[in-house]
Each structure stands twice: as C-alpha cells, then as structure tokens.
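Chemist: Below is one structure. I have some questions about it.
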Amino acid sequence: MLQIKNVHASVEDKVILNGINLEVKAGEVHAIMGPNGAGKSTLASVISGKEEYEMTDGEIILDNEDITELDPEERAHKGVFMSFQYPISIPGVSTTNFIKTAINETRKSKGLEDMPASEMLKMIKEKAELLDIDRKFLSRSLNEGFSGGEKKRNEIFQMAMLEPKLAILDETDSGLDIDALKIVANGVNKLKSNDNAVVVITHYQRLLDYIVPDFVHVLMDGKIVKSGTKELAYELEEKGYDWIKEELVK
Amino acid sequence: MDLKDKLLTSHIAFEDNLKADSPLYDLRSNALKVFEEKGFPSKKEENWKYTSLNSLLKKDYCISPKGDTDIEFKNVKQYFLHNVDTYKVVFIDGVYSSYLSETTHDGIDVCLLSSAFDKSKYRPVIESYFNKAAKKEGLTQLNTAFTKEGAFIHIPKNKEADKPIEIIYFSTGNEATLFVQPRNLIIADENAHVQIIERHQSLSSNAVLTNAVTEIFADKRAMVDYYKIQNDTPEASLVDSTYIKQERESICSVHTFSFGGKITRNNLQFTQEGEYCDSILNGVTIIGDKQHVDHNTLVHHIAENCESHQDYKGIFDDSSTGVFNGKVYVEKEAQKLDAFQQNNNILISDKATINAKPQLEIFADDVKCSHGCTIGQMDSDALFYMRSRGIGEKEAKALLMYAFANNVLESVKIPELKSRINKLIAEKIGVSLGFEL
C-alpha cells in the first residue's frame with residue numbers, strides 16, 4: 001500500500017531524514033520507534049505533505065501512485081490520515097462542523113454529493129460511541145480548552161469518521177492516562193481491517209501492548225537502523241536505544 | 001470654491017426652506033459656527049492621523065439633491081432583512097420614502113426626525129435630547145447645522161419594540177457626486193428595549209459621501225442593540241459618528257460590520273453616566289482592494305461598577321488599510337470597573353496595513369482593565385492541520401477566517417441578521433461552506 005523509497009528531507013537546510021525506506025502492506029500495523037530528535041514526527045509530516053519540509057530526494061508511493069508532489073488535501077483525499085502529536089485548536093469551529101467539512105470536501109474531490117445530513121448524524125453517533133465521546137463535546141470549538149487526552153481521542157474520532165486507508169498515529173499515546181489509552185487503542189483496533197494499514201509512531205512500548213504491531217522499526221539520525229517484530233519493542237523498552245547505537249558502530 | 005465654503009454659503013438657503021419657528025434655529029447656527037471654526041478634520045489631528053478625507057473633499061458635491069426619485073422595491077429588496085418582520089425607515093438620496101417604509105406610532109414611535117421636529121407634541125423630547133450627546137466636533141456639528149431628515153425612534157418606559165427596526169439610506173446615483181448628512185435620534189426610556197439595523201447603500205457606482213450622526217439615549221435599565229452594516233460600493237464613503245449616553249443598569253451594544261465602501265470612518269463614543277452600565281462594542285472588518293476602514297472608539301466611564309467590552313476583528317487583503325484607535329477613559333469616580341478591549345487583525349496580503357492604537361487612561365485605582373491587540377498572518381500550522389483532513393487550502397483559509405470572526409457574530413441577537421452577516425462574510429471571502437457558524 002505504502003512504499004517509502006530513499007526519502008531525504010530537510011527543514012531550513014537542516015537534514016532530518018537521510019534515506020528512509022519502508023514498505024507497509026494493507027492489513028499491517030507498523031511501529032516506528034526511536035529516541036527524541038530521530039526524525040519520527042518529520043517522517044509523519046512528510047508522508048502527509050507538510051510544505052515546511054523539503055523532500056530533497058526519494059519517492060512516496062501510495063497504491064502504486066506517486067504522491068510525492070501532491071498537496072496535503074490531495075493526499076487526504078486518497079486516504080492518508082495523520083493523528084497529530086499536538087492537535088491544533090480552532091476556536092469558532094465545532095468538531096462536528098469541522099469533520100462535516102472534511103468529509104464533504106473529500107467526497108467533492110471524488111465527484112460525490114455531500115453526505116446526507118441524516119447519514120452524517122448516524123455516523124457521528126456511532127463513532128462517538130465507539131470512542132466513548134459525549135456528543136455535547138463535539139459541538140464545542142475544535143480542540144479548544146480540551147485536555148491532552150480529549151484532543152487525542154478527538155483525533156481518533158476524526159480518523160474513524162474519515163475512514164482512511166493509511167493512518168499515521170504520531171505519538172498518540174503521549175498525554176494519555178491508561179484508561180484513555182485503552183479507549184483510543186480499542187477504537188483503532190476496531191477500525192483496523194485487511195484493507196487499511198496503521199503506522200504507529202511512539203517513544204514508548206506501552207501503546208504497543210494495545211495496538212499490536214506486525215513490525216517494529218527503529219529510527220535514528222534520520223534512518224531506519226533496525227527492523228524486527230514486536231519483541232524488538234520490548235527489548236527497546238528494557239535496554240533503551242544506546243545498545244543499537246553501539247551495534248551500529250560495530 | 002471648496003466644499004467647506006460651499007456648505008457655509010448654502011446654509012442660509014437651507015434655513016429658508018425650513019419652518020421659521022423651528023426650535024432648532026439657534027442650535028443650527030451655533031453648530032455652523034463650530035464647523036466654520038473647526039472645519040473638516042485633517043491628518044494633523046491625532047484622531048485622524050491615519051485617515052485622510054482630502055481625496056473625498058476635493059470633489060464637487062451636490063449638497064441638496066432633488067430626491068424626487070423613486071426606486072422599485074424589487075431592485076432594493078436584497079438590502080432588507082428577509083423572513084423576519086421589521087419596521088422600516090427608508091430614505092432615498094436623503095429624502096424619506098413612504099413607499100419603502102413601515103413606521104408606527106402605536107405605543108412606540110418609529111418615524112421621521114422631520115416630523116418629530118414639526119409636531120409640537122414632540123417638542124419637549126427634541127429639546128431634551130437633540131444634539132445633547134453629540135460632541136462639538138467639526139463634522140458632527142456640520143451635520144447638526146444641516147439636520148433635516150433621519151430616523152426618530154422613541155420607545156417609552158417599559159415598552160419593547162415588537163420587531164427589529166431597519167434604517168436604510170439609499171443613494172440612487174442620479175447625481176454624479178452626492179453629499180448627504182442623515183441624522184438619527186434614538187431614545188429608549190426606562191426599561192425599554194429596542195433592536196436597530198442601520199445601513200447606507202449606494203445603488204450606483206457614482207461617488208457618495210455620507211456624514212451621518214446618530215444619538216442614542218438609554219435610560220435606566222434600557223436595552224439597545226444597534227447593528228451597522230457597511231457593505232457599500234467602491235466609490236461610496238462614510239463618516240459615521242454615533243454617540244451613546246447610558247443611564248444606570250442600561251445595556252447597549254453596537255456591532256459594526258465593515259465589508260465595503262471606499263473610506264469608512266466610524267466614530268463610536270459611549271458615555272456611562274450611571275452605575276452598573278454595560279457597553280458592548282463589536283466589529284468585523286473584511287476589506288480588500290484599496291479600501292480603508294477606521295474604527296475610532298471611546299468609552300467614557302464616569303460611574304462605579306460598570307463594564308465595557310470591545311472586540312474588533314479585521315481581515316485585510318490587497319492594499320487595504322485599517323485603523324483601530326480605541327480609547328477607554330476611566331474617571332476617578334468610576335471604581336470597580338471591568339473594561340475589556342480586544343483587537344485582532346489578519347493581514348492576508350503583504351501590501352495590506354493595519355494601524356492599531358489601543359489606549360487606556362485610568363484615573364481610578366480599583367478597576368480591572370485589560371486590552372490586547374494582535375496582528376498576524378494566517379496560522380500555517382492550523383492550515384496544515386485542516387488540509388491534512390482533506391479541506392482544500394482556499395476552504396481552509398476561509399474556515400479560519402470564519403472562525404476568526406465568529407466571536408463577534410455570536411453576540412448578534414437577531415438570527416436572521418446573523419445568517420445574513422454569515423453569508424456576507426462567505427461572499428467576501430469567496431467561498432461557500434456547508435454550515436453557518
């Protein structure tokens with residue numbers, strides 16, 4: 001589904017990604033772990049098309065189509081979704097209106113009519129229940145005054161509404177207590193199918209107890225330096241990242 | 001002959017056309033003297049530093065239009081509120097249009113200022129209120145000197161206007177250049193309630209300069225909500241001076257929506273004379289091209305335990321310029337005050353300019369006053385966030401601008417008006433969204 005080939009990226013002339021290769025197939029869950037500053041969030045932003053990051057080399061292929069040059073909204077229309085590490089608050093726009101606009105813009109790009117209001121309401125109700133979100137909460141301004149956990153839950157709610165092919169969860173576990181983490185992970189697992197894929201970016205192994213990865217990759221200094229199965233995550237949790245560095249030096 | 005001389009010399013002829021025994025005779029001649037002495041404002045005055053009327057004053061204006069023109073309702077229907085019943089006081093080139101108006105004397109007075117001037121039963125009211133709130137400023141007194149027509153609204157004690165009142169001034173463009181000076185007098189007696197919408201609208205591309213003055217008196221516990229829609233044609237300019245006097249426990253709000261016109265200057269002055277008053281001053285400005293909008297506000301706090309809330313948002317595109325000059329003046333006696341002033345601006349183009357000057361002058365020692373002013377570009381992180389959800393760049397920007405203006409719309413109490421303003425904002429920004437804020 002997703003192929004990342006030799007991706008180099010920099011921001012303001014500072015090289016952050018230094019030749020990333022990654023293949024994610026439909027139905028898979030990949031975890032990307034790594035120390036602070038390794039380039040994890042940059043990778044997520046580059047896949048989503050953030051313009052501040054300049055891709056100096058490489059390709060991003062989604063379903064056999066090169067999306068390297070596409071705008072963020074075009075990538076979203078093709079099924080790319082990123083759950084933000086720091087979701088933006090937009091005072092004055094309710095979550096409901098925001099997600100309605102997002103869904104209808106995506107439909108418009110495919111030549112479809114707006115989703116009928118009754119269908120939209122039904123979907124909102126379903127997805128809100130899935131994530132244990134009070135619907136009153138959805139009429140509040142997007143992310144404004146939300147706690148860290150509420151913001152993350154709201155991100156996954158949006159994911160549930162948009163039904164992406166490829167979901168990138170950027171540090172979705174940060175700021176979540178264990179109960180909220182379970183709800184969020186449960187939501188992600190229910191949305192998971194053989195037709196979509198999830199890339200989980202995280203610093204800690206904890207989230208991976210709930211969203212179990214098929215593959216774990218270690219990102220360091222802008223490169224994937226080690227890949228393995230979920231056992232690698234436990235090893236990292238136990239031993240930290242230094243041993244990989246030492247291994248690399250050898 | 002420049003405009004000032006032209007006006008001064010024409011005043012005699014103006015007076016001749018009015019009733020000789022008018023109680024306003026002295027008032028008018030005194031006002032003319034003030035104008036003669038002060039003249040039109042210039043950029044040398046601190047309050048006019050960023051707004052020049054020079055380009056407007058050079059034109060050769062028609063100052064006494066014939067006004068025998070009629071316009072068809074279907075051609076101006078769009079400027080009225082729909083789906084809601086309203087009283088209407090409508091003027092065409094400064095002359096009252098009975099055909100387009102719907103006035104009343106049933107319990108409340110919604111009518112013409114000229115008829116209030118002429119009828120003896122209104123004389124005590126006119127004598128107690130007319131020109132009593134207006135300040136001795138050149139343009140305001142010029143208006144007083146030539147006051148002939150406008151809206152007169154009087155809501156007696158404990159009465160409530162049963163529907164909103166629309167005051168609309170149309171200019172037809174039959175004169176190539178027109179100078180008009182409408183005058184409104186609004187009196188809400190004790191515990192009276194009224195909602196008013198005011199609009200100046202040019203129906204052609206000809207130049208119009210409007211020097212409007214409105215006086216509003218809110219007695220004890222009165223509630224007055226005033227909405228100004230400024231969405232005029234590119235050659236229409238407006239100097240609007242609105243003076244509001246509030247007695248104890250009254251609540252007055254003025255919303256100013258500035259979306260059009262060439263040069264628009266809003267002088268908005270509140271005076272709180274009694275305790276526990278609340279004054280609300282809100283504005284949304286969205287302009288482009290070479291348009292200019294200047295908000296000059298003053299809230300004068302005299303009594304204890306009062307509040308004032310100012311919230312002005314501006315979005316400036318192309319080479320447009322904006323001014324926000326807001327002053328809060330707190331007298332020594334005005335203790336336990338809560339005054340809030342906020343002015344936020346977004347500059348969309350590199351060539352757009354905003355001059356913002358918030359001022360607090362506080363002589364009391366037990367008050368809560370806050371003010372904030374921001375000038376910025378569109379938040380790129382917020383744009384990326386929205387785009388990553390599939391919302392196109394143009395729509396994302398529009399949504400951000402909508403959201404930005406939203407606070408101000410929230411306090412609009414007439415739902416029909418709110419949705420109209422919503423549509424105007426969408427129109428200004430050039431997109432349609434599937435919902436209203």
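The values are calculated or read from the model by the stated rules, or taken from the named source; none is laboratory data. Every value quoted in this text rests on a predicted model; they were computed, and no experiment measured them. Here the Cβ is made from the backbone with ideal geometry for all residues, glycine too, and neighbour counts use every protein chain on show. The protein model used for the area step is the full one, side chains on, heavy atoms only, and it has no ligands, DNA or RNA in it. Shrake-Rupley method; radii C 1.70, N 1.55, O 1.52, S 1.80 Å.
Chemist: Given the C-alpha atoms of the stretch B:69-114, compute the convex hull and give its volume per residue in Å³. Provide the component values of the computation, followed by the final result.
Modeler: Numbers: hull volume 3.9 nm³, N = 46.
For the stretch B:69-114, the hull spanned by Cα atoms encloses 84 Å³ per residue.
Chemist: Mind checking which lysines have their C-alpha under 20 Å from B:LYS6, skipping anything on the same chain fewer than 8 residues away?
Modeler: Cross-link targets: B:LYS33, B:LYS38, B:LYS58, B:LYS59, B:LYS66, B:LYS148.
Chemist: Let me ask you something else. List the aspartates and glutamates whose alpha-carbon lies under 19 Å from that of B:LYS357, not counting same-chain residues fewer than 8 positions away?
Modeler: B:GLU45, B:GLU46, B:ASP294, B:ASP311
Chemist: For chain A, report the accessible area per residue in Å² (1.4 Å probe, heavy atoms, rounded to an integer). If you can, show how the numbers build up before the last one.
Modeler: On the way: 11460 Å² over 250 residues.
That works out to 46 Å² for each residue.
Chemist: Return a whole-number percent for the relative contact order of chain B, with Cα pairs under 8 Å and 6 or more residues apart as the contact set.
Modeler: 9
Chemist: Right, another one. What are the extents of the Cα atoms of the stretch B:71-174 along their three principal axes, in Å, largest first?
Modeler: 39, 38, 22 Å, listed from the longest principal axis down.
Chemist: Short version: what are the Cα gyration tensor semi-axes of the stretch B:380-437, square root of 5 times each eigenvalue, largest first, in whole Å? List each step's numbers first, then the result.
Modeler: Details: eigenvalues 104, 26, 14 Å².
The three semi-axes for the stretch B:380-437 are 23, 11, 8 Å.
Chemist: Under 8 Å for C-alpha pairs, at least 6 residues apart: give me the relative contact order for the stretch A:93-233, rounded to a whole percent.
Modeler: About 19 percent, as a whole number.
Chemist: Over all directions, what mean area does the Cα convex hull of chain A project, stated in square nanometres?
Modeler: For chain A, averaging the hull's shadow over all directions gives 13.6 nm².
Chemist: At R0 = 51 Å, how high is the FRET efficiency between B:ASP318 and A:LYS5 if r is their beta carbon distance? Nearest 0.05 is fine. Working shown, then result.
Modeler: On the way: r = 43 Å, r/R0 = 0.85.
That pair, B:ASP318 with A:LYS5, gives E of 0.75.
Chemist: Also, I was wondering about something else. Which of the residue pairs B:LYS43/B:LYS423; B:LYS49/B:LYS423; B:LYS77/B:LYS423; A:LYS151/B:LYS423 have a Cα-Cα distance greater than 27 Å in the structure shown?
Modeler: Long pairs (Cα-Cα over 27 Å): B:LYS43/B:LYS423; B:LYS49/B:LYS423; A:LYS151/B:LYS423.
Chemist: To the nearest 100 Å², how much accessible surface do chains B and A cover up together, summed over both, with a 1.4 Å probe?
Modeler: Working: alone 18530 and 12500 Å², together 28820 Å².
Result for this pair: about 2200 Å² buried.
Chemist: If you roll a 1.4 Å probe over the protein assembly as shown with all protein chains in place, what percent of the accessible area is carbon or sulfur? Working shown, then result.
Modeler: Values: 13290 of 28820 Å².
C and S fraction of accessible area: 46 percent.
Chemist: When the C-alpha atoms of the protein assembly as shown are aligned to their principal axes, what extent does each axis show, in angstrom, from largest down?
Modeler: 105, 48, 48
Chemist: Then there's this: With +1 on each Lys and Arg Cβ and -1 on each Asp and Glu Cβ, and nothing else charged, work out how big the dipole of the stretch A:38-179 is about its Cα centre, in Debye to the nearest 20.
Modeler: 720
Chemist: Could you work out how far apart the two model spin labels at A:ASP13 and A:VAL212 are, taking each label as a point 7 Å from the Cα in the direction of the beta carbon, and quote it in nm?
Modeler: Roughly 5.0 nm, to one decimal.
Chemist: Please give, to one decimal in nm, the separation of the simple spin-label points placed at B:TYR79 and A:SER174, each 7 Å out from Cα toward the Cβ.
Modeler: Each label point lies 7 Å from its Cα, and together they span 5.6 nm.
Chemist: Looking at the stretch B:382-397, which residues lose a minimum of 20 Å² of accessible area between their chain alone and all protein chains in place, measuring with a 1.4 Å probe and not counting ligands or nucleic acids?
Modeler: B:ALA382, B:PHE384, B:TYR385, B:MET386, B:ARG387, B:SER388, B:ARG389, B:GLY390, B:ILE391, B:GLY392, B:GLU395
Chemist: Further, regarding this structure: Apply 1/(1 + (r/R0)^6) to the Cβ-Cβ distance of B:SER120 and B:GLU275, taking R0 = 35 Å, and write down the FRET efficiency to the nearest 0.05.
Modeler: Step by step, r from the Cβ atoms, then E = 0.50.
Chemist: Then there's this: In Å and on Cα atoms, what radius of gyration and Dmax does the stretch B:3-274 show?
Modeler: Rg, Dmax (Cα atoms, Å): 17.6, 49.
Chemist: Sticking with this one: Just to be sure I understand the interface: list residues from the stretch A:74-122 that lose 40 Å² or more of accessible area between the chain on its own and the complete protein assembly, 1.4 Å probe.
Modeler: The answer is A:PHE84, A:ILE88, A:ILE90, A:GLY92, A:VAL93, A:ASN97, A:PHE98, A:THR101, A:GLU105 - residues whose exposure falls by at least 40 Å² when every protein chain is included.
Chemist: Just want to confirm a number: the relative contact order over the stretch B:380-437, from Cα pairs under 8 angstrom separated by 6+ residues, in percent.
Modeler: 34
Chemist: Name the lysines eligible as straight-distance cross-link partners of A:LYS223: C-alpha to C-alpha under 25 Å, and not fewer than 8 places from it in the same chain.
Modeler: Partners within reach: A:LYS5, A:LYS14, A:LYS25, A:LYS40, A:LYS50, A:LYS165, A:LYS239, A:LYS245, A:LYS250.
Chemist: Please give the per residue accessible area of the stretch B:300-408, computed with a probe of 1.4 Å over protein heavy atoms only, in Å².
Modeler: Per-residue accessible area for the stretch B:300-408 comes out at 39 Å².
Chemist: Counting heavy atoms of the protein chains only and a 1.4 Å probe, report the per residue accessible area for the stretch B:125-214 as a whole number of Å².
Modeler: The answer is 28 Å² per residue.
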